[in-house]
Structures are given as C-alpha cells and as structure tokens.
1. Of all strands (runs of 3 or more DSSP E) completely enclosed by the stretch 38-120, which ones contain at least 3 residues that are surrounded by fewer than 19 Cβ atoms within 10 Å (Cβ to Cβ)?
2. For the stretch 29-46, state whether one or more residues are within 30 Å of Ile191 (Cβ to Cβ), in the same structural domain as Ile161 (by TED's automatic domain parsing) and more than 12 Å from the ligand (Cβ to nearest atom).
3. Quick test of your reading of the structure: Pro9 fulfils all but one of (1) more than 16 Å from the ligand (Cβ to nearest atom); (2) at pLDDT 95 or above. Name the failing condition by number.
4. Mind listing just one residue for me: the one in the stretch 123-135 that is in a loop (DSSP other than H, G, I, E, B) and farther than 20 Å from Ile153 by Cβ and, of those, nearest to the chain's Cα centre (by Cα)?
5. Specify which of the listed residues (Asn75, Asn94) is assigned by TED's automatic domain parsing to the domain that holds Val246 and within 13 Å of the ligand (Cβ to nearest atom).
6. What single numbered condition from (1) surrounded by fewer than 20 Cβ atoms within 10 Å (Cβ to Cβ); (2) within 18 Å of the chain's Cα centre (by Cα) fails to hold for Ile281?
7. Being of a type in the set (Phe, Trp, Tyr) and over 30 Å from Tyr322 (Cα atoms) narrows it down to one of Tyr217, Tyr257, so name that one.
Amino acid sequence: MAGLYLHIPFCKQACYYCDFHFSTNRNRQLELVQAIAREIEIQKDYLDKKPIQSIYFGGGTPSLLNARELDILLNTIHAVHPVESRVEITLEANPDDLTPEKLTELKKAGINRLSLGIQSFNDFILQFLNRAHDSRRAIASYQDAREAGFSNISLDLIYAIPGQRESQWLDDIHQALNLEPEHISTYSLTIEEKTVFGRWTVSGKLKPEPDETAAQYLELLMTTIQAKGYEQYEVSNFAKPGLYSVHNSSYWKQEAYLGVGPGAHSFNLHSRQFNVRNNPIYLKALEEGRIPAEVEILSREDKINEYLLTTLRTQWGADLNYLKKQFNYPLVEQNYTYLHQLMEARLIFIEQDILYLTGKGKLLADKIASDLFVLQS
Ligand code: SF4
C-alpha cells in the first residue's frame, strides 16, 4: 500500500506563523497544476506499482483549485497509478473558500474527506494569525460541508499561540467538539524564522510561549477530548473510533509515499526526496521533463531514528523485535539505564516487546525519542 501527496502552493494571503511553501501570486496556477500532472506521470514507477490507498491534497490552499484543475490531477493519478477502490481522498480546505457550490464541486470530483483549517474559533486570535476567515464562517463552512454530504471531516486547531489564555484554548476545544467532527488535528505553534511572527520575535514585539505552556495545553486537550470518546492515535491527532486518517497513519507506519508539486517530499523506505520550494524553478524543470529534487539516501541510523521519532508518537508504539530484525538494533540493551528511569517516572511502558509512551510520556514524546537516537557511525 502507498500514499500520494499533492502540494498545491498557492494561498490568498500569508498567515503570520506559516512556514509552508506557498505563493500569493496565482497567475500561473493552471500551468502549475499541469506541471504537477506531468510530475505524476514521470514519477509513475516511484511506488513500484503499489496500490494507492490515500490521496492527499495539501498546501498551500488546495481549496483554491477549480473543478477543471482537480479533474486534471485526479484523472492523471488514475491513469498512471493503481488506485484502491476505497481510496481515501482528502483535501485541505480553508473555510473562506467553501461556498455550498464549491463543496458540491469537491464532492463531485471525488473528494471524500475534508480537512478544515479552522485553527481557532476566537475572532481576535484569527485576526492575530492573519487568517482569512472568522469563527462564523468556520462554523458555517463545517455545516455546509455536512449538507453537501461530507461524512468524514477533520478540523485543525492551533494552541500555545502567544498570549492565548488557557480558557480561550479550552473554549476552542469545546467549540470543535460541539461540531462532532470525525477527526481533530492539533498543532503547537512554533515560531519559524522566516515568518512575520519570526521577525516580530527577533524585534521583541512577540514573546513565544514556553514549552511548559504547550505541554500544559496538550494535557488539557488530551483529557477533554478523550472524555468525549476520541482516540489519541498520535500525539497531536484524535479520531472517533476507527476513523483515523489513512494518509497520516501511513506516514507514521513508515509506508512509502510519493509527494508531487513544489515543496513536496517523498519517501520510499530507502531514501527521501525533497522537491524545490520555488514555483518558477519547478515549472521550468518540469517543462524540461526533470524533477527538481534533492535525494537523501537514508543510513541505517537515519532509519532507526526516524522509526523511533514517528512510532513513539503513535498508539501502536515502537516494535522492539522489528528494530532487532530489521536493523540489528537491540534498543533495550543499548539504553537500559535510561529506559529504567523513564519507567520509574511512569513515562513509558513495554508490553509484548512494544515500547509505548504513557499519557505523561506523550507530553515529552520528541525529547524521549531524540534521547534514544542512535549516533551516525
Ligand atoms: S497556514 Fe495555510 S492558508 Fe495560511 S499561509 Fe500557510 S498554507 Fe496558506
């Protein structure tokens, strides 16, 4: 099984925290879509003909694609890759794009899962982030999506925003739960250098929240959301039972995926490929029939570290036997004292040769994984 990610690198306006690759100049949008279709054709053997179980339109803002552009991309995928009949097709959408007509168009094109970029239900915070919608639009777009027949909807929320109070975060969680989405993805805001928030931080205008606040808000989220029957199948991702994102789960289970479009990256178990984050350079390369990408061959140590970083964050945990068989790596023997300390502190537990994080351990997931990293030989 394999996944396909399409990066749609256009946005109406720049959110102040965003470090993804996008351009607000949409003059060459159709050309760019045609170039992505060309890349799908050129990369037709990347996944070794494994059937595609998930297609994910991310960005940028994929809800800016029109019906013709969506058709070009989906028809190309079906023409060159074997696609599972029950494929999950997710599209990231911003509430301000989702008119009832647009939603009907998306449904007709074959999109069967929407990921709504709500981020917050607080209008002051939405303005502070420079989002293009307000909370009324967010709720209306969700209701319109239900009306249009979407039965699998995920909401994105951001926390640890500078100045955000705990009560405001709790209100966002409750408003999201009131809508009863199938899935909720959350992000702890990190300040990235080349963003407006990055510049404000350097000039002293903005003070990032400390890691302790992010951990406290995550803990609040975990207790509130799990009480409503959602499963935390990855540290930042919650779903109603059985409604996990097929696409994200495949990342965390280390399955192969192909990423197309400027700024996308791909993984085929042995290497990672990073496409250039520049629309004109991407367009020119595809005109010449080239993929403008850097390829990184993964060493044994890279593979072990990636495995730990991704699996420890999930409810499936890190399989100690897999590490031994696949990489000849005896994790417990190599880290006996540290693991013992983590167990004493009730941050981890091991059951049937699987290493799991406890609820408390999840608050420190990345730190624990990086402490277990293997050094390059
Ligand atoms: S957060 Fe999304 S909508 Fe905002 S600039 Fe980034 S990619 Fe575009």
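The values are calculated or read from the model by the stated rules, or taken from the named source; none is laboratory data. Since we're looking at a predicted model, the values are computed, not measured. All Cβ positions, glycine included, derive from the backbone under ideal geometry; neighbour counts span all protein chains shown.
1. In the stretch 38-120, 83-93 are the strands (runs of 3 or more DSSP E) which contain 3 or more residues that are surrounded by fewer than 19 Cβ atoms within 10 Å (Cβ to Cβ).
2. Looking for residues that are within 30 Å of Ile191 (Cβ to Cβ), in the same structural domain as Ile161 (by TED's automatic domain parsing) and more than 12 Å from the ligand (Cβ to nearest atom), one finds at least one in the stretch 29-46, hence yes.
3. For Pro9, the failing item is (1).
4. Restricting attention to the stretch 123-135, the residues satisfying the condition of being in a loop (DSSP other than H, G, I, E, B) are 129-134.
Now drop any that are not farther than 20 Å from Ile153 by Cβ, which leaves 129-130.
Working: Leu129: 19, Asn130: 20 Å.
Step by step, filter the stretch 123-135, then rank; the result is Leu129.
5. Exactly one residue qualifies, and that residue is Asn94.
6. Looking at each condition in turn, Ile281 falls short on (2).
7. Only one candidate qualifies: Tyr217.
Yes or no, residue by residue, for (1) touching a Ser or Thr at 6+ places or on another chain (Cβ under 9 Å); (2) at pLDDT 95 or above; (3) in the same structural domain as Cys11 (by TED's automatic domain parsing); (4) among the β-branched types (Val, Ile, Thr):
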{"position": "Ala109", "(1), (2), (3), (4)": "no, yes, yes, no"}
{"position": "Gln119", "(1), (2), (3), (4)": "no, yes, yes, no"}
{"position": "Asp144", "(1), (2), (3), (4)": "yes, yes, yes, no"}
{"position": "Ile153", "(1), (2), (3), (4)": "yes, yes, yes, yes"}
{"position": "Gly163", "(1), (2), (3), (4)": "no, yes, yes, no"}
{"position": "Ser167", "(1), (2), (3), (4)": "no, yes, yes, no"}
